[in-house]
Amino acid sequence: EHDIWIYDLNIPENPQLVGTWNGEYLHDIEVYKNKVYGAGIYTGHFYILDVSDKTNPTTLVDYDTGSGYLSTHDCAVTYDEHYLITADEKRGGHVSIWDISNYGNINRLSEYIVDIDHSVHNVYVRPGTNLVIISYYVDGTRILDISDPANPVEVGFYDTSELTDLMAGNWGTY
């Protein structure tokens, strides 16, 4: 069994398996510029894979965020590929911004949390901007300006629900 399966979709009615990767279950991934940015929810790791050769994906980064089990649920990379934003899905789950510009020296630059009893779900970087769109379950949609990734600033908010359970409400804002 493989953790990532890569298919050639040139003939949509007959997809062809061209490559696989084995590492760990990645809960959510983002593919950008021949790289896979993946969230290892069960270990708290994030991964960066080189998939320029679809037949032979290779691991560039396997990084332990220190968040532990049921964390590192989702991730999104900035368009310059210097920063990775991760979302920890658990009570007290929050967003972390990582400097990944040097794979040998990865550092957490900042964290963003709305409520220690709540959880974040998914994060996306809005194309062509420094805006991170966050689905924060019962805390709605949050928008961070990360022009200065060490000091993110909330610039927008929209409440989506009156629910109060840990994982109720806003699952995704796209």
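The values are calculated or read from the model by the stated rules, or taken from the named source; none is laboratory data. Remember, it's a predicted structure, so these values are computed and weren't measured experimentally. Neighbour counts run over all protein chains shown; Cβ positions are idealised from the backbone, glycine included. These accessible areas exclude ligands, DNA and RNA; they are computed on the full protein's heavy atoms, side chains included. Shrake-Rupley method; radii C 1.70, N 1.55, O 1.52, S 1.80 Å.
So here's what we get for this one:
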| read-out | value |
| --- | --- |
| Farthest toward positive dipole pole in the stretch 71-174 [+1 Lys/Arg, -1 Asp/Glu at C-beta], among TYR158, TYR174, LEU144 | TYR174 |
| Ratio Rg/Rh [Cα only; Rh per Kirkwood] for the stretch 65-158 | 0.94 |
| Net charge of neighbours whose Cβ lies under 12 Å from the Cβ of THR59, counting Lys and Arg as +1 and Asp and Glu as -1 | -3 |
| Sparsely packed GluC sites (Glu not before Pro) within the stretch 3-105, loop by DSSP, other Cβ within 10 Å at most 10 | GLU13 |
| Surface per residue (accessible, 1.4 Å probe) for the stretch 49-174, Å² | 48 Å² |
| Dipole moment magnitude, nearest 20 debye, the chain about Cα centre, only Lys, Arg, Asp, Glu C-beta charged | 240 debye |
| Between the stretch 19-91 and the stretch 118-136, the alpha-carbon center distance in angstrom | 16 Å |
| About the Cα centre, charge dipole magnitude for the stretch 84-174 (Lys/Arg +1, Asp/Glu -1 at Cβ), debye | 300 debye |
| Those residues of the stretch 47-62 whose amide nitrogen sits under 17 Å from the label point placed on LEU17, 7 Å along Cα→Cβ | 54-57 |
| Rounded to the nearest 20 debye, dipole of the stretch 52-130 from Cβ charges on Lys, Arg, Asp, Glu | 100 debye |
| Nonlocal amide H pairs with TYR83, under 5 Å, H built at 1.01 Å | THR78, ILE100 |
